[in-house]
Amino acid sequence: MPTPKKAPAQESAFKTMVYPVIILVVICVVCSALLAVLNDITAPIIAANEAAKTQEAYLGVLPEGTDAAGLTTLEGLATEGVVGAVTAPDGAVAVQAAAAGYSGKQVTVFVSFDAAGTISPLSGDYSTQTTGIGSKTGEESFYSGFLGWDAANHVSAGEPVDTIAGATVSSNAVITALNSAIDCYNNEIKGGA
């Protein structure tokens, strides 16, 4: 008995509608699998680069001559907004804190405290803020006002520096992050030592 032939309309519908969908699904599955494998391969490299970048930022605010090998990473910090902290052999401490700035984007601040609890150099990542307005919080004319501030007291708008006109949200984010670092220093590092 001869096999029945498909009608040209049925064969044409399969080739034009179903076959391309099957091909696209296979391509998507293969691409997704490749992306997953690539993610697994690059994840440790990305983590190592982030750790090196963070360590470089810590060293940038700690006293000159501080060696990365001498830093002690502090674990289990619970202060809200604090991302991490390290101590140096000379008693200096560097704290990484973050707060939401303009449009909810994070402003990250690295602040160091000398052995007496005075704010020493600080730096941060203000690139998430509006260029030319909120990014001014990263200029020395703004953050240098915090240098020498006693960590026994919180900072606030107007004390020790005024917020930047037009960038109040970004300025307040820096102030909030600094206060988180101060709280961490007083309550968990100095107070916990």
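The C-alpha atoms of the chain define a longest principal axis, and helix 19-61 lies at about 10 degrees to it.
Here is the size of segment 18-97 from its Cα atoms: Rg then Dmax, 21.4, 71 Å. What segment 1-115 shows is 69 Å² of accessible area per residue, with the surface traced by a 1.4 Å probe over protein heavy atoms. Between the beta carbons of GLU140 and THR118, assuming R0 = 22 Å, the FRET efficiency works out to 0.75 to the nearest 0.05.
Just to be sure I understand, if you calculate mean projected area of the Cα convex hull in nm² for this structure, which of [x] 10.9; [y] 12.7; [z] 18.7 do you get? The calculated read-out lines up with [z].
Split the accessible area of segment 120-187 by element, probe 1.4 Å, and carbon with sulfur accounts for 47%.
For the chain, the longest principal axis of the C-alpha atoms and the axis of helix 168-184 are separated by about 70°.
Only lysine pairs 8 or more places apart, or on different chains, with alpha-carbon atoms under 24 angstrom apart are counted in the chain, and they number 5.
The values are calculated or read from the model by the stated rules, or taken from the named source; none is laboratory data. These numbers were taken from a predicted model, which means no experiment stands behind them. Neighbour counts are summed over all protein chains in view; Cβ atoms, including those assigned to glycine, are modelled from backbone coordinates with ideal geometry. The area values use the complete protein model at the heavy-atom level, side chains included, leaving out ligands, DNA and RNA. Shrake-Rupley method; radii C 1.70, N 1.55, O 1.52, S 1.80 Å.
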